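Single-structure report; data block below.
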Amino acid sequence: MPLVDLRQTTLRELNRSLHALDPDTNETHWRVRHPDGRHAVAAGLSLPIAVEIEGHVGYYCAGMNAQAEIVIHGNAGVGVAENMMSGRVHVRGDASQSAGATAHGGLLVIDGNASARCGISMKGIDIVVKGSVGHMSAFMAQSGTLTVLGDAGEALGDSLYEARLYVRGSVKSLGADCIEKEMRGEHRAELSEKLAAAGLQGEVDPGEFRRYGSARRLYQFHVDNAGAY
């Protein structure tokens with residue numbers, strides 16, 4: 001198990017080593033000590049390896065992740081798992097703004113709270129936040145799911161497309177074109193699957209959540225109104 005201490009090795013050297021791994025490598029489990037808030041730790045990984053980061057990280061940790069499983073034993077700064085394609089990112093603490101922004105796939109789990117714009121412009125990722133999320137979360141979210149066990153701040157789902165939002169706590173306000181929708185059997189099944197993937201199977205009742213989605217009034221193109229666009 002490779003062990004990298006970022007007080008002795010530069011961040012550039014760490015990321016270069018991770019990017020240089022061969023697909024047949026047997027160095028599949030890495031530990032990173034003393035990240036001390038550095039930015040872009042373990043960004044751009046593209047192999048099914050595991051990276052455990054022991055401490056707090058700065059901006060864009062695990063950005064553009066594909067296939068890797070990254071665990072952050074601490075808090076994460078802006079844009080954790082930004083533009084992730086696949087794999088799994090687990091923040092054991094809190095996350096700052098724009099967690100999971102523009103991400104296309106994979107699973108992001110945040111044990112604490114997430115700040116503003118969690119899941120902004122998400123495009124297929126599944127995000128599970130065990131705490132609460134800040135204002136403008138899921139702004140312009142296109143697809144995927146955002147599951148919040150706590151509360152949601154102002155303007156949840158503003159200008160939402162087809163992402164599905166599940167919130168167990170209170171919602172301060174809904175954004176433009178976001179409405180509460182019926183929680184049917186297929187939605188409870190989907191929610192159960194996401195909770196299980198986040199390690200919460202049997203611990204949380206899907207019946208305690210409400211579902212929110214797009215009213216589909218903002219983004220539809222109507223040919224009869226073409227002259228107005």
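Quick notes on this structure:
- Scope the stretch 208-229; condition at pLDDT below 95, part of a helix (DSSP H, G or I) and either closer than 23 Å to L107 by Cα or of a type in the set (A, V, I, L, M) (or both); matching residues: V223, A226, A228
- Just one of (1) touching a Lys or Arg at 6+ places or on another chain (Cβ under 6 Å); (2) among the polar types (S, T, N, Q); (3) assigned to a helix (DSSP H, G or I) fails for S192. It is (1).
- For the stretch 160-189, a residue qualifies if it is surrounded by fewer than 18 Cβ atoms within 10 Å (Cβ to Cβ), in contact with a strand residue (DSSP E or B) (Cβ under 9 Å, 6 or more places away or on another chain) and more than 20 Å from P206 (Cα to Cα), and the qualifying residues are E162, K172, S173, D177.
- Checking each residue in the stretch 1-32 for being in contact with a strand residue (DSSP E or B) (Cβ under 9 Å, 6 or more places away or on another chain) and within 18 Å of A68 (Cα to Cα) picks out M1, P2, L3, V4, L14, S17, L18, T28, H29, W30, R31, V32.
- Of the set (1) under 25 Å from E186 (Cα atoms); (2) surrounded by fewer than 22 Cβ atoms within 10 Å (Cβ to Cβ), all apply to G157 but (2).
- Filtered residue count, the stretch 51-67, keeping only those that are outside any loop (DSSP other than H, G, I, E, B) and either charged (D, E, K, R) or more than 14 Å from V91 (Cα to Cα) (or both): 2
- Matching entry among V133, V78, V71 (being surrounded by fewer than 24 Cβ atoms within 10 Å (Cβ to Cβ), at pLDDT 95 or above, closer than 20 Å to D158 by Cβ and not acidic (D, E)): V78
- Scanning the stretch 40-65 for residues that are touching a residue at least 40 places away in the same chain (Cβ under 8 Å) and over 20 Å from S96 (Cβ atoms) yields one hit, L45.
- The test for being modelled with pLDDT of 95 or more and farther than 22 Å from K194 by Cβ holds for H56.
- Only residues that are under 21 Å from G77 (Cβ atoms) and part of a loop (DSSP other than H, G, I, E, B) were counted in the stretch 19-46, giving 12.
- Restricting attention to the stretch 56-86, the residues that are more than 14 Å from H39 (Cα to Cα) and among the hydroxyl-bearing types (S, T, Y) total 1.
- From the list A40, A62, A66, the lone residue that is touching a strand residue (DSSP E or B) at 6+ places or on another chain (Cβ under 6 Å), closer than 23 Å to K123 by Cα and buried (at least 16 other Cβ atoms within 10 Å of the Cβ) is A62.
- Options R16, R12, R7: the member that is in a loop (DSSP other than H, G, I, E, B) and exposed (fewer than 15 other Cβ atoms within 10 Å of the Cβ): R7
- Breaking point among (1) within 21 Å of S96 (Cβ to Cβ); (2) more than 13 Å from the chain's Cα centre (by Cα); (3) among the acidic types (D, E), for D126: (2)
- Of all residues in the stretch 1-39, those satisfying the criterion of being polar (S, T, N, Q) and free of Cβ contacts under 8 Å to residues at least 24 places away in the same chain are Q8, T9, T10, S17, N26, T28.
- Of all residue pairs spaced 6 or more apart or on separate chains, none has beta-carbon atoms under 8 Å together with a first member in the stretch 112-125 that is within 13 Å of A152 (Cα to Cα) and a second member that is modelled with pLDDT under 95.
- Matching entry among A138, A103 (being crowded, with 20+ Cβ neighbours inside 10 Å, modelled with pLDDT of 95 or more and at positive phi): A138
The values are calculated or read from the model by the stated rules, or taken from the named source; none is laboratory data. The shown structure was predicted, so the numbers you read here are calculated from the model rather than taken from an experiment. Neighbour counts run over all protein chains shown; Cβ positions are idealised from the backbone, glycine included.
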